[in-house]
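The values are calculated or read from the model by the stated rules, or taken from the named source; none is laboratory data. Here the structure is a predicted model, which is why all the values come from computation and not from measurement. Neighbour counts run over all protein chains shown; Cβ positions are idealised from the backbone, glycine included.
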Amino acid sequence: MTSIILLSVFGIINLFVGFAKSKKVLLPLVLIFLAVVFAINLMDWNNTQSYFHNMLTIDNYAVAFTGIMTLTTLLLLPFSQRYIARNDANLAEYYSLLLFSLVGAVMMVSYENLIMLFIGVEILSIAMYVLAGSDKTSLRSNEAALKYFLMGSFFTGIMLFGIVMIYGGTSTFNITEIAAAQAQLNADGLSNTMLTLGILVLIIGISFKISAAPFHFWAPDVYEGTPTLFTAFMSTVVKTAGVAAFYKLMEAAFAASYTTWFPTLVAITVLTLVIGNVGAVIQTSFKRMMAYSSISHAGYLLMALVAFNQQSDTAILFYSAAYATATIAAFGVLKMVQDNRGNATYEAFNGLGRTNPLLAFAMTVSMLSLAGIPLTAGFFGKFFVFSALLQNPNMLWLVVLAVILAAVGIYYYFKVVIAMYMQPAANQEVVEVSSLASFTLILITALTILLGTAPALVSGLI
Amino acid sequence: MITALLLFWPALAALLVLLIKGQGAKKVAFVAALVEFALSLFALSTFDTQSGATQLALSFPWIESAGISFSIGMDGISLLMVLLTTFLIPLIILSAYKHEYKNPNAFYALILFMQTGLIGVFVAMDAFLFYFMWEVALIPIYFIAAVWGGANRIRVTFKFFVYTIFGSLFMLAAFVYLYLQTPGTHSSDINAFYQLSLASESQSWIFWFLFIAFAIKMPVFPFHTWQPDTYTESPAQATMLLSGIMLKMGIYGVLRWLLPVVPFGVSQWDEVVLVLSIIGIVYASVIAIRQRDLKRLIAYSSIAHVGLIAAGIFTLNEQGLQGGVIQMLSHGINVVGLFFIIDIIFSRTNTRDITSLGGITQNAKALSIFFMILLLGSVALPLTNGFVGEFLLLSGVFQYNAWFGGIAGLTIILGAVYMLRMFQGVMFGTKSELTEAFSDLTMNEKAVLIPLVVMVFWIGLFPNTFLDISEPAVNNLLSIIKR
């Protein structure tokens, strides 16, 4: 709860600081804000409390996910140095919008009432619509913002529609009461079409937010057009919040209707895995590949949801953490390469192993992690997801499918590794890296390897 | 404790080597590898060779909530594999002495880092640790082959990488399934896996999940298609690592994680595996006869030899298993020696084409002798190391099925054909313009070849030194398989 208040207040303070002539103070300030939020958030550990007449509940689940999302943002911001370098007029606004967006994300992992879920999604999304179009002079960025906004508001509408139908079926917005109403219906042997329809429509709404197929069409264009820093935020924090909210919804509200939504969820998962992985193979732009890769990771995360047992939350938490660390590093390096070499294709990375060994190494570790190869966090992410799913032996086929697609994933992740180490550099120029960005990259890489060798640090939390 | 030291020392040394600029890296790497060899000899001296149990063990919780522990230890089979690794790696580093690789610190650090993975595979007593180390060994060799390799290296090594990962992901899925079958709060300890009693239908598919991973690594026909290209395109040291040690990971995996874990699965499919292996022996031998590229020829001969080892192991009798273990050592020594000799020839003539070589015996007496000895070891002439292994393996296959034994026995004849044809083409005959000024071995090259040749005779003359170490462990394994 304190984290929501703090984030909002800090966001506003930040806007005022933006009036100052020098933008140099902004980044350290935001980093300190986020560190404070991270620390204060941890104080709620093992101290479950409800707020606003049960609208929000801060439990360990909420604290763990809030922690990961705050840390992700904290590790992401050092890559915004370029904005500071050119003294971007709107820097304070960008940072404040990110903080506000984080407020929405925190609400999405701690809601107790479907209204709060809806408000959280909206707060998160509106800030993101603006940030997607923040590069005002770029047509691509404008296109991304418009597409994201039109599609996003359409699906928010669908979500609201679902929530309303659920209300029609159960006469409540509170997720615990919804669960009780369903249990009552099941006990009476009744079925409720309104409720069933509502659940399915709500699933569609959330699937859009986490870019799960077949509601993923916006993702590649939006990811590609959005300025890289915000793409990274979109594919880490937004996705983590979405999946965490999704699991919370299924677990706390709709567990009793498991048989109703289970086939739908399996279908979405399979489509997401296949489309994400196959789509990524044919891309020539690294950034667009990362968009498809983010779809495919939504698929792996959904597998933990399909498993739907006591291991699911650990699997989602660990996977989100592993995916976030790797993705920040990848986008961070991409941003610096893009700023210096002008584009986001695979060729832009040629010879990076020689010109910038640190960037190339961080990128390699990040790609290994995304591909799920041991020694990196991504391996244990996939491991926890697969073992959660295999608790149900009937789902063996889905694990086999995911295994085959994970092997496909190695193909496109390694394209960039090959470009960095094995292709001659077309332009031998060294990519400029600030010392703060280098330090952050080292930190993230160390974190990825740490989680890959001592996964119990995170997996034992919830 | 010594096991942990054996496991982590190369990785630490790799970090150290990484810091050294210039060609000094190889000296440090060589010393570090020698220290590792000394450590393994120390482990041997404290090892009780009478017992088949896991010794020098160490275990502490790794992911405590999931019952996964970091547990390592060695029985006789593991110890022999560790000794093979620690014996070969210094020689492989030494064999690179004349090469001036770019970024030598990264090159040698990767070799040492890979050694940690290899040792880890051989000492892991927990399924997930085994899988973990299995991939840790793969990543460095991919980079060694892909960065320092030949012209087609990128495509070829990538195929190798994706192929092996594809297989090992199935192994992971099987391990997760087995892990979930263990009672209570689950455990991935090897003994928990050994105590499982699974229905034979599930054993049947688990068998294939595990077998595919190991078969790709070995490689067994028809999973071998990555191998000749990868061996050919990799730098000589990577080829030695792949063929000398990494291939043994696959065979070791079968011994430790396949046969005892799913014995019913094995009894359903052993005939299929034997048939595949024997097809592989004949097929690879016939192809080897037709090769003109020396590296490709040895690559195919390696498929044939591994086919025989796989066939012997799947007979599940003591001769077959013991033959498999001793042949892993022999094959590692012979193939590393042969690839080194090819590298020597290549570095002087810049070709590996048999038809454009010839007459090297006239200039290089010492090279001819070493080459001949390693070659005879490889074709299993009595008194050499190859004979012991192939004899035991063939007698194992013969006990299983006389027809299989007969066909597998062709390996001896065909092996002699392609090996002697190669020797004839390269070493005898008239000199070509490329071999006109061929110089004999340097001290450095002799320093690599002498230990290898000593081992050829040692295993050939006194095989019991090694068979005694593995015998209790093999019997222990057989008793678990036939429980």
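Looking at the range A:398-406, is at least one residue of a type in the set (V, I, T), within 14 Å of another protein chain (Cβ to nearest Cβ) and touching a Gly at 6+ places or on another chain (Cβ under 9 Å)?
Residues of the range A:398-406 that are of a type in the set (V, I, T), as a first pass: A:399-400, A:403-404.
From what's left, within 14 Å of another protein chain (Cβ to nearest Cβ): A:399-400, A:403-404.
Applying the additional criterion that residues be touching a Gly at 6+ places or on another chain (Cβ under 9 Å) yields none.
No, there is no match, as no residue in the range A:398-406 is of a type in the set (V, I, T), within 14 Å of another protein chain (Cβ to nearest Cβ) and touching a Gly at 6+ places or on another chain (Cβ under 9 Å).
Residues in the range A:344-351 include at least one that is surrounded by 24 or more Cβ atoms within 10 Å (Cβ to Cβ) and either touching a residue at least 60 places away in the same chain (Cβ under 8 Å) or within 12 Å of another protein chain (Cβ to nearest Cβ) (or both). Contact map, the range A:148-162: residues that are surrounded by fewer than 18 Cβ atoms within 10 Å (Cβ to Cβ) paired with residues that are not in a helix (DSSP H, G or I), Cβ distance under 9 Å, separation 6+ or inter-chain. Pairs shown: A:M151/A:F215; A:M151/A:F217. Residue check: B:K431 meets all listed conditions (1) part of a helix (DSSP H, G or I); (2) surrounded by 15 or more Cβ atoms within 10 Å (Cβ to Cβ) but one, namely (1).
Of the helices (runs of 4 or more DSSP H) contained entirely in the range A:390-462, those carrying at least 2 residues that are polar (S, T, N, Q) fall at A:435-453.
Would you call B:F122 more than 9 Å from chain A (Cβ to nearest Cβ), buried (at least 23 other Cβ atoms within 10 Å of the Cβ), assigned to a helix (DSSP H, G or I) and out of contact with any Lys or Arg (no Cβ under 6 Å at 6 or more places or on another chain)? Against the criterion (more than 9 Å from chain A (Cβ to nearest Cβ), buried (at least 23 other Cβ atoms within 10 Å of the Cβ), assigned to a helix (DSSP H, G or I) and out of contact with any Lys or Arg (no Cβ under 6 Å at 6 or more places or on another chain)), B:F122 qualifies. Is it the case that B:L467 is surrounded by 15 or more Cβ atoms within 10 Å (Cβ to Cβ), touching a Leu at 6+ places or on another chain (Cβ under 8 Å) and assigned to a helix (DSSP H, G or I)? It is false that B:L467 is surrounded by 15 or more Cβ atoms within 10 Å (Cβ to Cβ), touching a Leu at 6+ places or on another chain (Cβ under 8 Å) and assigned to a helix (DSSP H, G or I).
In this structure, is A:D313 within 14 Å of chain B (Cβ to nearest Cβ), in contact with a helix residue (DSSP H, G or I) (Cβ under 7 Å, 6 or more places away or on another chain) and either assigned to a helix (DSSP H, G or I) or at positive phi (or both)? Let's see the steps before the verdict.
Working: within 14 Å of chain B (Cβ to nearest Cβ): yes; in contact with a helix residue (DSSP H, G or I) (Cβ under 7 Å, 6 or more places away or on another chain): yes; either assigned to a helix (DSSP H, G or I) or at positive phi (or both): yes.
When the stated conditions are applied, A:D313 passes them.
Scanning the range A:164-178 for residues that are surrounded by 19 or more Cβ atoms within 10 Å (Cβ to Cβ) and touching a Phe, Trp or Tyr at 6+ places or on another chain (Cβ under 9 Å) yields A:I166, A:F173, A:I175, A:I178. For the range B:125-132, the condition of being touching a strand residue (DSSP E or B) at 6+ places or on another chain (Cβ under 8 Å), farther than 20 Å from A:P357 by Cβ and not in a helix (DSSP H, G or I) holds for at least one residue.
Checked against (1) surrounded by fewer than 24 Cβ atoms within 10 Å (Cβ to Cβ); (2) more than 10 Å from every other protein chain (Cβ to nearest Cβ); (3) of a type in the set (V, I, T), B:I144 passes all but condition (1).
What are the residues in the range B:231-269 that are of a type in the set (V, I, T) and under 15 Å from the mean Cα position of the chain (by Cα), if any?
Going through the range B:231-269, the residues of a type in the set (V, I, T) turn out to be B:232, B:239, B:245, B:251, B:254, B:261-262, B:266.
Of everything in the range B:231-269, those that are of a type in the set (V, I, T) and under 15 Å from the mean Cα position of the chain (by Cα) turn out to be B:T239, B:I245, B:I251, B:V254.
Going by the structure shown, is B:I68 touching a His at 6+ places or on another chain (Cβ under 9 Å) and of a type in the set (A, V, I, L, M)? Answer is yes for this residue.
Go through the range B:175-189 residue by residue and tally those that are among the aliphatic types (A, V, I, L, M) and buried (at least 21 other Cβ atoms within 10 Å of the Cβ). Lay out the reasoning, then the answer.
Our first condition is that a residue be among the aliphatic types (A, V, I, L, M); within the range B:175-189, this holds for B:176, B:178, B:180.
This time we only want the ones that are buried (at least 21 other Cβ atoms within 10 Å of the Cβ), so: B:176, B:178.
Qualifying residue count for the region: 2.
Restricted to the range A:186-201, and to residues there that are touching a residue at least 60 places away in the same chain (Cβ under 8 Å) and either under 23 Å from A:A105 (Cα atoms) or among the hydrophobic types (A, V, I, L, M, F, W, C) (or both), the residue that is surrounded by the fewest Cβ atoms within 10 Å (Cβ to Cβ) is A:L200.
Check B:A213, B:A173 and return the single one that is of a type in the set (G, A, S), touching a Ser or Thr at 6+ places or on another chain (Cβ under 9 Å) and part of a helix (DSSP H, G or I).
After applying the criteria, what remains is B:A213.
Can you confirm whether B:A38 is surrounded by fewer than 23 Cβ atoms within 10 Å (Cβ to Cβ) and at pLDDT 90 or above?
Details: surrounded by fewer than 23 Cβ atoms within 10 Å (Cβ to Cβ): yes; at pLDDT 90 or above: yes.
So B:A38 fits the description; yes.
What's the total number of residues in the range A:347-389 that are part of a helix (DSSP H, G or I) and over 30 Å from A:G460 (Cβ atoms)?
Within the range A:347-389, the subset part of a helix (DSSP H, G or I) is A:347-349, A:352-355, A:357-371, A:377-389.
With the extra rule that they be over 30 Å from A:G460 (Cβ atoms), the set shrinks to A:347-349, A:352-355, A:357-360.
The total comes to 11.
Mind checking which helices (runs of 4 or more DSSP H) fall wholly inside the range B:294-396 and carry at least 2 residues that are of a type in the set (A, V, I, L, M, F, W, C) and buried (at least 20 other Cβ atoms within 10 Å of the Cβ)? Lay out the reasoning, then the answer.
Details: elements: B:294-314, B:318-349, B:360-363, B:365-378.
Where helices (runs of 4 or more DSSP H) fall fully within the range B:294-396 and carry at least 2 residues being of a type in the set (A, V, I, L, M, F, W, C) and buried (at least 20 other Cβ atoms within 10 Å of the Cβ), they are B:294-314, B:318-349, B:365-378.
Evaluation of B:T49 against the conditions (1) at pLDDT 85 or above; (2) touching a helix residue (DSSP H, G or I) at 6+ places or on another chain (Cβ under 8 Å); (3) closer than 28 Å to B:L467 by Cα; (4) surrounded by fewer than 19 Cβ atoms within 10 Å (Cβ to Cβ) shows that the sole unmet condition is (1). Restricting attention to the range A:381-393, does a residue exist that is under 21 Å from A:T72 (Cβ atoms), within 11 Å of chain B (Cβ to nearest Cβ) and more than 20 Å from the chain's Cα centre (by Cα)? Looking for residues that are under 21 Å from A:T72 (Cβ atoms), within 11 Å of chain B (Cβ to nearest Cβ) and more than 20 Å from the chain's Cα centre (by Cα), one finds none in the range A:381-393, hence no. Before we move on, is B:I89 assigned to a helix (DSSP H, G or I) and either assigned by TED's automatic domain parsing to the domain that holds B:I469 or more than 22 Å from A:M367 (Cα to Cα) (or both)? So B:I89 fits the description; yes.
In this structure, A:P455 does satisfy being closer than 26 Å to B:A213 by Cα, in contact with a strand residue (DSSP E or B) (Cβ under 7 Å, 6 or more places away or on another chain) and not basic (K, R).
All of (1) surrounded by fewer than 24 Cβ atoms within 10 Å (Cβ to Cβ); (2) at positive phi; (3) not β-branched (V, I, T) hold for A:R341 with one exception: (2).
Go through B:A32, B:A4, B:A11 for me and flag whichever is surrounded by fewer than 16 Cβ atoms within 10 Å (Cβ to Cβ) and not in a loop (DSSP other than H, G, I, E, B). Every option except B:A4 fails the conditions. Could you check, for the range B:86-105, whether at least one of its residues is within 14 Å of chain A (Cβ to nearest Cβ) and surrounded by 20 or more Cβ atoms within 10 Å (Cβ to Cβ)? For the range B:86-105, residues within 14 Å of chain A (Cβ to nearest Cβ) and surrounded by 20 or more Cβ atoms within 10 Å (Cβ to Cβ): present.
Would you mind listing the helices (runs of 4 or more DSSP H) fully within the range A:168-248 where at least 2 residues are within 17 Å of A:T264 (Cα to Cα) and touching a helix residue (DSSP H, G or I) at 6+ places or on another chain (Cβ under 7 Å)? Show your work before the answer.
Working: elements: A:175-188, A:193-209, A:218-225, A:228-233, A:239-248.
The qualifying helices (runs of 4 or more DSSP H) are A:193-209, A:239-248.
Those residues that are under 25 Å from A:L71 (Cβ atoms) and of a type in the set (F, W, Y), I need them from the range A:411-448; list them, please. A:Y413, A:F439 - these are the residues of the range A:411-448 that are under 25 Å from A:L71 (Cβ atoms) and of a type in the set (F, W, Y). Can you tell me which residues in the range A:420-462 are small (G, A, S), in contact (Cβ under 8 Å) with a residue 12 or more places away in the chain and more than 10 Å from chain B (Cβ to nearest Cβ)? Within the range A:420-462, A:A425, A:A426, A:S434, A:A437, A:S438 meet the criteria.
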